[in-house]
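Working notes for the structure below.
The values are calculated or read from the model by the stated rules, or taken from the named source; none is laboratory data. Everything numeric in this text was worked out from a predicted model, so none of it was measured. So basically every Cβ, Gly included, is an ideal-geometry build from the backbone, and we count neighbours across all protein chains shown. Ligands, DNA and RNA are excluded from the accessible area calculation, which covers all protein heavy atoms including side chains. Shrake-Rupley method; radii C 1.70, N 1.55, O 1.52, S 1.80 Å.
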Amino acid sequence: MSLQEESETPEIESGETELEALLDDLIVDRDDHMNAPAFVIRPDTVQETLGRLKEEAGYDHLSLVTAEEYPDRFESIYHLKKFDDPTDEVSIVVPTDSENPVSESAEPVFRTADWHEREAYDLVGIEYDDHPDLRRILLPETWQGHPMGLDYDQDRPQMVPLRENANPLQEDQRAESDSDTMFVNIGPHHPATHGVLHLETTLDGEQVVDVEPDIGYLHRNEEQMAQNGTYRHQIMPYPDRWDYISAGLLNEWAYARAAEDLADIEVPEYAQIIRTMGAELCRIAAHMLAVGTFALDIYGDFTAIFMYAIRDREEVQNILEDLTGQRLMFNYFRLGGVVWDLPEPREEFFESIREFVDGLPDRLEEYHDLITGNEILQMRTVGTGILPEEVAKNYGATGPVARGSGIDYDIRRDDPYGYYDELDWEVPVEDGCDNFSRLLVRLREVEESAKIIEQCVDLLEDWPEDERNIQANVPRTLRPEDDKEIYRTVEGAKGELGVYIRSDGTEKPGRFKIRSPCFSNLQTLPEMSNGEYIPDMIAALGSLDIVLGEVDR
Amino acid sequence: MILQTESPLPDLLADLLGLSGSGVAGEFVAALLAAFIVGNVMLAMTGVAGPWAKRKITAKFTDRIAADRIGPAGIGTIPADALRLLSKELIVPEGADRPAWDIAPLIVAGSAMLGFAVIPMGSGIQLADPEVGLAYVFAVASIASLGMVMAGYASNNKYSMLGALRAVAQNLAYEIPLVVTGVSVVLFTGSLRMSEIVAAQQETLISVGGLAIPSWFAIVNPFAFVLFLAANVAEVGRNPFDIPEAPTEIVAGFQTEYSSVYFVLLYLGEFLHIFLGGAITAVLFLGGAAGPGPESIGFLWFVVKIWAFFLLTQWLRSAAPRLRIDQLIEIGWKGMLELSFLNLVLTAVIVGMVA
């Protein structure tokens, strides 16, 4: 929280004085981040501050809540953005004293703060006043201590018998007025949960009265792992494991972008094009799986679409294997570029990509025949799993989920990085707000990604041989200055994937925080499925396209 | 009514084995033998269909190869799978309501077997030919719902319970259109006796260039045929109507808690029901065992017809999405029921005018 020097002004200056004027009576200090101005406020004015920023200044996107314990205080940081312009950012820093770490909850202003604050409570130990449901979220409810707190004892035994855990069936789940409901555990092992997700569902016959996702089965504190690795090499392998559905390069880019901006590393243009191409290949692979598994949810097992999607995804995987040497955990990006150049012979590699991209329209036609053109599928998906635009924004939904609800928001275009702003492509948006729209958005994004890849291949083919610079000169050991803070996002396969890093002058990050799009997107599930039928809830879950590796981190 | 039963296959066997002289005992032995043959033929067919044909068919639809390790085209996987399934541990869920839980698989599999008793399969294979054949076959086929409810209720599992409730709701919604559409055929034949229904379809409808088109009811009344097929797919619980099982929604529905031999029985029962559905369709609409060639190979044509229905269910499974339960009920009660009655009235008018 140490006050930054005046010379280190943030990138965005416009409107800063207005913000100061708006929050005049609330600001107690400044603590600017590299990506945004940051205002320090008192813990009891969180709602007031965020409310004013949302209503009067238009910061309608609470992207992330970062929490950290310092020797003398706890700190929550609310990273705010605008859906209209994600480069217009502001951070609100809320220090609380270390004896009694209680801070006002932002939940009444931004619904998305619900889960983010629960995570902060779970891992760091900050308590949020006025929070509707302050329980642990990632760790078991019986866990002792807060793992990212400073006084956490790693060696303390955590063996807690099952009987200590709350049993939702123990008390009578039925409300007095409504004796017809039934509690069902859907998951953690269930055909439609796409991993180990547990949905605590209350049913009234076939209808969902209430559903509450219980997450954390795959939690292994990736943030702490990153904090124990050096910037240069030891962190990069981990992002592959967040969204492990072949979206590896997209995740790596999230870390690369934040760390490169933090250490002021310029990536050569040639490497940027390779990155862009690789990332879009990953996006196609990820969306293929999303469409395939969504079909499983709607059609049942043994559907042709799933196998077709896997078949096409396999081709992308082959290309990615040629490029990176790996099929799943690529570890291909390096700070300042990529690890190696395109495979030789280059012509053959380009040929394989072109072959895939050229064949894609026909395949997509087949998907549209099989899926989107099917009347029964339309009966099932059109008008179900409704997520209105305002609700989606309130929950911080991003990616295809947001774009299916009519929110024209894509980091690639709105906060450009890599080579995207040089290329010609579009952001598909559907305003149906239902399961069908989200499916359509994904299929159309595959088309757009193919366009991007084609242009990248054209550029790479003509690139002069002596200018193929794949990596910038990066020091062997990176030691960013002490107490620099940065939050950077990229457009992952599932939405806005961000990384917040606070440097502490060493070669390892002082705080590493991941903004997982699935985590925020999954929060919208009750909103979409309460009052609907079980099959619609399953469809809504499938249309969210969550990956538990990223939700639980 | 039952007294008016004819029993072609047992009579044939009795004659062949010289049992006809031994009175009631001889008839009994002949009937048992005949039932044994028919039962085994159907079980063998499901045995081929379940572990092998189903996989190969689905694989063809989804660009895969499927079983190919043992024997030519992987056909040897059938005994291997049978051994595997039978040697698995039978897990009985805590709090299961026995013996209902144990009886349910038998009912599901048995009810379908009972249905085959009156099906004229050609080549003289028909166990019994009662006056009320059609009513009987619909009646026993729907006993399966009872088995499903027992399985779902007795399993002490919420998914099973949901599956059982869905099964009942679905069968109620589709049994009526199914039977009413079946009755429209009876208007043509004037008899519920299966052999007479088949016989009524043997006449030539029209001759096109020397090619005689038989008066199969699928050709005479295609509308009823389509209606019957749709209701039949719902009746046997296959996509787009596999709602009582709906693996991605309620795990496996009424059969969630069944393993080992009981699972095999349920699985067998399902396939038997598909074949029974195919058999009823063949008898009512596709001329029974009729086909080119001598009458003695009629059984082959019959098998071809019921496998065609099986193929249809597998095709739907690969390509058709599942409906939601409320949509299914709506289609059943608000669409199919009206259409089936409309069909019945139209058929009655046409039959009345022609006759």
B:L328: aliphatic (A, V, I, L, M), within 14 Å of chain A (Cβ to nearest Cβ), in a loop (DSSP other than H, G, I, E, B) and touching a residue at least 60 places away in the same chain (Cβ under 8 Å), yes or no?
no
Residues that are surrounded by 19 or more Cβ atoms within 10 Å (Cβ to Cβ) and free of Cβ contacts under 8 Å to residues at least 24 places away in the same chain, drawn from region A:418-447:
A:R444
Across region B:14-50, which residue is modelled with the highest pLDDT among those that are more than 24 Å from B:M113 (Cα to Cα) and surrounded by 12 or more Cβ atoms within 10 Å (Cβ to Cβ)?
B:L17
Identify the single condition in (1) surrounded by fewer than 22 Cβ atoms within 10 Å (Cβ to Cβ); (2) basic (K, R); (3) at pLDDT 90 or above that A:R327 does not satisfy, given that it satisfies every other one.
(3)
Select from region B:290-321 the residues that are within 14 Å of chain A (Cβ to nearest Cβ) and in contact with a Pro (Cβ under 7 Å, 6 or more places away or on another chain) and write down the one among them that is nearest to B:P214 (Cα to Cα).
B:L316
Candidates B:V168, B:V140, filtered to the one that is closer than 29 Å to B:I243 by Cβ, within 14 Å of chain A (Cβ to nearest Cβ), of a type in the set (A, V, I, L, M) and surrounded by fewer than 20 Cβ atoms within 10 Å (Cβ to Cβ)
B:V168
For region B:179-186, does any single residue satisfy the condition of being in a helix (DSSP H, G or I) and free of Cβ contacts under 8 Å to residues at least 24 places away in the same chain?
no
Taking the condition of being within 14 Å of chain B (Cβ to nearest Cβ), of a type in the set (A, V, I, L, M), open to solvent by less than 10 Å² (accessible area, probe 1.4 Å) and within 22 Å of A:E351 (Cα to Cα), how many residues in region A:270-324 meet it?
1
Scan region A:448-472 residue by residue and report those that are part of a helix (DSSP H, G or I) and either on the phi > 0 side of the Ramachandran plot or open to solvent by 40 Å² or more (accessible area, probe 1.4 Å) (or both).
A:K451, A:E454, A:Q455, A:D458, A:L459, A:E461, A:E465, A:D466, A:E467
If I go through region A:77-104 residue by residue, how many of them are out of contact with any helix residue (DSSP H, G or I) (no Cβ under 6 Å at 6 or more places or on another chain) and among the polar types (S, T, N, Q)?
4
Condition (residue is over 20 Å from the mean Cα position of the chain (by Cα), within 27 Å of A:I310 (Cα to Cα) and among the β-branched types (V, I, T)) applied to region A:236-251: is it met by at least one residue?
no
Looking at region A:368-382, which of the residues that are β-branched (V, I, T) and in a helix (DSSP H, G or I) is surrounded by the most Cβ atoms within 10 Å (Cβ to Cβ)?
A:T381
Is it fair to say A:S405 is in a loop (DSSP other than H, G, I, E, B), in contact (Cβ under 8 Å) with a residue 12 or more places away in the chain, surrounded by 20 or more Cβ atoms within 10 Å (Cβ to Cβ) and in contact with an Asp or Glu (Cβ under 6 Å, 6 or more places away or on another chain)?
yes
Can you name every residue in region A:74-84 that is over 17 Å from the mean Cα position of the chain (by Cα) and either on the phi > 0 side of the Ramachandran plot or in a loop (DSSP other than H, G, I, E, B) (or both)?
A:D84
When you check B:A109 against the structure, is it out of contact with any Asp or Glu (no Cβ under 6 Å at 6 or more places or on another chain), more than 14 Å from every other protein chain (Cβ to nearest Cβ) and either within 29 Å of B:M161 (Cβ to Cβ) or not in a helix (DSSP H, G or I) (or both), yes or no?
yes
Test set (1) modelled with pLDDT of 85 or more; (2) under 28 Å from A:V391 (Cα atoms); (3) of a type outside the set (F, W, Y); (4) within 22 Å of the chain's Cα centre (by Cα) - A:N35 fails condition number:
(1)
Kindly establish whether A:R354 is more than 25 Å from the chain's Cα centre (by Cα), open to solvent by 10 Å² or more (accessible area, probe 1.4 Å) and within 14 Å of chain B (Cβ to nearest Cβ).
no
Starting from region A:511-533, keep only residues that are within 14 Å of another protein chain (Cβ to nearest Cβ), then list their pairs with residues that are assigned to a loop (DSSP other than H, G, I, E, B) and surrounded by 23 or more Cβ atoms within 10 Å (Cβ to Cβ) whose Cβ atoms are within a distance under 8 Å, requiring at least 6 positions of separation or different chains.
A:S529/A:G385; A:E532/A:G385; A:Y533/B:R324
Criterion violated by A:D214 - all others in (1) surrounded by fewer than 19 Cβ atoms within 10 Å (Cβ to Cβ); (2) under 30 Å from A:P475 (Cβ atoms) satisfied
(2)
The listed residue being modelled with pLDDT under 90 and in contact with a Ser or Thr (Cβ under 9 Å, 6 or more places away or on another chain), out of A:E104, A:E141:
A:E104
Do any residues in region A:536-553 that are within 14 Å of another protein chain (Cβ to nearest Cβ) have Cβ atoms under 8 Å from those of residues that are among the acidic types (D, E) and not in a helix (DSSP H, G or I), where the two are at least six apart or on different chains, and which pairs are they?
A:A540/A:E532
Would you confirm whether or not region B:222-232 contains a residue that is assigned to a helix (DSSP H, G or I), in contact with a strand residue (DSSP E or B) (Cβ under 7 Å, 6 or more places away or on another chain) and free of Cβ contacts under 8 Å to residues at least 60 places away in the same chain?
no
Restricting to region B:117-137, name every residue that is buried (at least 24 other Cβ atoms within 10 Å of the Cβ) and among the aromatic types (F, W, Y).
none
When you check B:F271 against the structure, is it open to solvent by less than 30 Å² (accessible area, probe 1.4 Å) and closer than 16 Å to B:D326 by Cα, yes or no?
no
In region B:228-271, what count of residues is obtained for those that are among the hydroxyl-bearing types (S, T, Y) and touching a Phe, Trp or Tyr at 6+ places or on another chain (Cβ under 6 Å)?
1
Within 30 Å of A:E532 (Cα to Cα), surrounded by 20 or more Cβ atoms within 10 Å (Cβ to Cβ) and away from chain B (no Cβ under 14 Å): which single residue out of A:G385, A:G396 fits that description?
A:G396
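Quick grid of which residues meet (1) away from chain A (no Cβ under 14 Å); (2) surrounded by 20 or more Cβ atoms within 10 Å (Cβ to Cβ); (3) modelled with pLDDT of 90 or more:
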| site | (1), (2), (3) |
| --- | --- |
| B:G182 | yes, yes, no |
| B:V198 | yes, yes, no |
| B:E245 | no, yes, no |
| B:S260 | yes, no, no |
Can you say whether B:G287 is within 14 Å of chain A (Cβ to nearest Cβ) and either at pLDDT 90 or above or more than 22 Å from B:P247 (Cα to Cα) (or both), as far as the supplied structure shows?
no
